[in-house]
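Here is the structure we will look at, set down as structure tokens.
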Amino acid sequence: MEKQVVLKVKVYQVKVDSEVEYVQLPCKTTVHLPEYAKVEWRDSYNRKVHVYQNGSDQSEEQDNGYRGRTVLKRNLLAPGDLSLTLKYPTDWDRDIYTCTVYNKLEHILLEKQVELKGVESVQLPFKTAPDLPEDAKVKWRDKDDMKVHVYTNKSDQPEEQHQNYKDRTEMKKDLLKTGDLSLTLKYPKETDTGRYWCGVINKDVLRGKTVKLKVKGRSQIKDKTVDIRKRSSSTDLTLIRLL
């Protein structure tokens, strides 16, 4: 007799896009594990993130970089929930983590992988009164006066965009009707730090707003002002990113 089996291994992804105190790396199974089972969480460098055996955590086996920052649920073997809580995540924690369960003979009973990713996009906010003129032109520019995004004639104008922002920006549909001129900037990096200005232009500048973006280790968003016709308003936005 001959049979074929196709094995597909799925890597779960966990994204951290704001300031958080902890993140959970999921690992669940419907199988009830034996009491003597050993659970190990390791990072891609094969460092021990967390070890559980004989009904308790084994902190002495844990790598120093994770000491005091990990938690597994109590009685985790009965329900089969081996998810790991990682406290105070930093940019250094972006990695692929592996959860492995062993039996008495150190044979693998279960193995799952989870990828902890950083921020993939950030939104530069700008909302104003709706029903803007159909012939209005919307321009986002950076601190160096480079065109980040241009919208006119009811569509984006990528040919006017600076090369640094190609395929990295997005604006919402029907933005002139809704008044939501917010810009999504994908894959933010440290060099994106600075002030961004958005102007709505018809025959004259109708409205404008300045947004300050900081790309660093953690994030806070503070909207200081409201939009005022024929005046520029300002927003400070700090992005927390796990690089």
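Values quoted throughout were computed directly from the atomic coordinates according to the rules given, and no laboratory measurement underlies them. Quick caveat: nothing in here was measured; it's all calculated off a predicted structure. Virtual Cβ from ideal backbone geometry, glycine too; neighbours counted across all protein chains shown.
Figures for the structure shown
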{"read-out": "Fully extended contour minus Cα-Cα distance, from residue 22 to residue 103, at 0.36 nm per residue", "value": "26.2 nm"}
{"read-out": "Estimated FRET transfer efficiency (residue 164, residue 92; beta-carbon r; R0 35 Å; 0.05)", "value": "0.85"}
{"read-out": "Label point 7 Å beyond Cα of residue 5 along Cβ direction - residues of the stretch 91-132 with amide nitrogen under 15 Å", "value": "108-111"}
{"read-out": "Extension gain (nm, one decimal) between residue 189 and residue 115, 0.36 nm per residue minus Cα-Cα", "value": "24.7 nm"}
{"read-out": "Kirkwood hydrodynamic radius over Cα pairs of the stretch 138-192, then Stokes diffusion coefficient at 25 °C and 0.890 mPa s, in µm²/s", "value": "210 µm²/s"}
{"read-out": "Long-range HN-HN contacts of residue 50 with modeled amide H, under 5 Å", "value": "41"}
{"read-out": "Charge tally in the Cβ shell below 15 Å around residue 148, where Lys, Arg are +1 and Asp, Glu are -1, residue 148 excluded", "value": "+3"}
{"read-out": "Sites residue 83 and residue 131, calculated FRET efficiency, Cβ-Cβ separation with R0 51 Å, nearest 0.05", "value": "0.60"}
{"read-out": "Part-to-part distance (alpha-carbon centres) for the stretch 82-104 and the stretch 187-212, which is given in Å", "value": "39 Å"}
{"read-out": "³J(HN,Hα) computed for each position of the stretch 33-41 - Karplus, 6.51 cos²θ - 1.76 cosθ + 1.60, integer Hz, glycine/proline x", "value": "8, x, 4, 8, 5, 10, 10, 10, 9"}
{"read-out": "Net +/- balance of residues flanking residue 47 in space, Cβ distance below 10 Å, scoring K and R +1, D and E -1", "value": "-1"}
{"read-out": "For the stretch 28-106, the Rg and Dmax computed from alpha carbons only, in angstrom", "value": "12.3, 36"}
